[in-house]
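A.B. asks: Below: one structure in structure tokens.
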């Protein structure tokens, strides 16, 4: 008599031969073979990237046809760096300045049927002289490379990651040249467009460099390059592992630390330290200077503004302060 069991359960005690399928089941399991790799499927995103890399190599770029491409060769999401650890400089002024300063660019992109002017002609001349691959692409491709709100003006340049200087090296170089140091340090500035604007203003008003903290700060990426209008190619930017410690070291070497804040000890027009070696510290628009940085400052300086305006953008505040220092110094440097 059969024992009750679970419905559908097999009987492991059954003995003797059973009728087979003649191998049909095994053949069915074999299917169509192993699934091709994503990069070998022409319709897959990875396959399209592989094809793009092969076209790039055929046009004279680095790499070999068929070599696995770096991700995001021509695409860059807003606010992030490409996975191949390069930056895309866009805009005619920024690209031209980068080429003039001989940054080791890896590719120059130009839009189809681009409007030629003297800047574009100079770019093409430099790329030919330096054997930089020139790739003609659609404006839609340049739009993707420039990002959501980027303006490329028909050109883009792939450059390696920015090489930061050391703050102490910058200070020693300025002193060795017999100049009066003027630096701008950023405390909590996380918007790369603000960083780019500050780099541009520092270069315009005779500053010798911008100093960033290693943590919680914007970096010199494509957005900063663009906003700096090429100044990032000329003005050094240094990275401090600890901003407060660096400011204290600068003070020991005779540099005065001026923090910009709405509730300052002195108004900018009455500043008496402008002709001395100074580092101007700009805090974030929302939180201002951090407590430790504020305590390190020799003076907290305010910009006189209308009572109807709560505060100034960090980039504008830096520009106003730099202009005042430059005016007092009489444009000597």
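A.B. asks: Kindly provide the set of residues from the range 163-180 that are touching a strand residue (DSSP E or B) at 6+ places or on another chain (Cβ under 7 Å) and in a loop (DSSP other than H, G, I, E, B), ordered by number.
C.D. replies: Across the range 163-180, the qualifying residues are 164, 166.
A.B. asks: Going through the range 218-249 one residue at a time, which ones are in contact with a strand residue (DSSP E or B) (Cβ under 6 Å, 6 or more places away or on another chain) and at pLDDT 80 or above?
C.D. replies: Of everything in the range 218-249, those that are in contact with a strand residue (DSSP E or B) (Cβ under 6 Å, 6 or more places away or on another chain) and at pLDDT 80 or above turn out to be 236, 237, 238, 239, 240, 243, 246, 247.
A.B. asks: Hey, among the residues in the range 303-316 that are buried (at least 16 other Cβ atoms within 10 Å of the Cβ) and modelled with pLDDT under 90, which one's farthest from residue 218 (Cα to Cα)?
C.D. replies: The residue in question is 303.
A.B. asks: Quick one: what pairs do we get from the range 306-333, first residue under 20 Å from residue 193 (Cβ atoms) and outside the structural domain of residue 192 (by TED's automatic domain parsing), second loosely packed, with under 10 Cβ neighbours inside 10 Å and at pLDDT below 90, C-beta under 8 Å, 6+ apart or different chains?
C.D. replies: none
A.B. asks: Kindly indicate whether residue 273 is within 17 Å of residue 206 (Cβ to Cβ) and in the same structural domain as residue 180 (by TED's automatic domain parsing).
C.D. replies: Answer is yes for this residue.
A.B. asks: Now for a different question. For the range 84-139, which strands (runs of 3 or more DSSP E) that fit wholly inside it have 1 or more residues that are modelled with pLDDT of 85 or more and closer than 11 Å to residue 156 by Cα?
C.D. replies: Result: 107-111, 134-137.
The values are calculated or read from the model by the stated rules, or taken from the named source; none is laboratory data. Since the model is a prediction, treat every value here as computed from it, not as a measurement. FYI the Cβ positions are ideal-geometry reconstructions off the backbone, even for glycines, and counts take in every protein chain you see.
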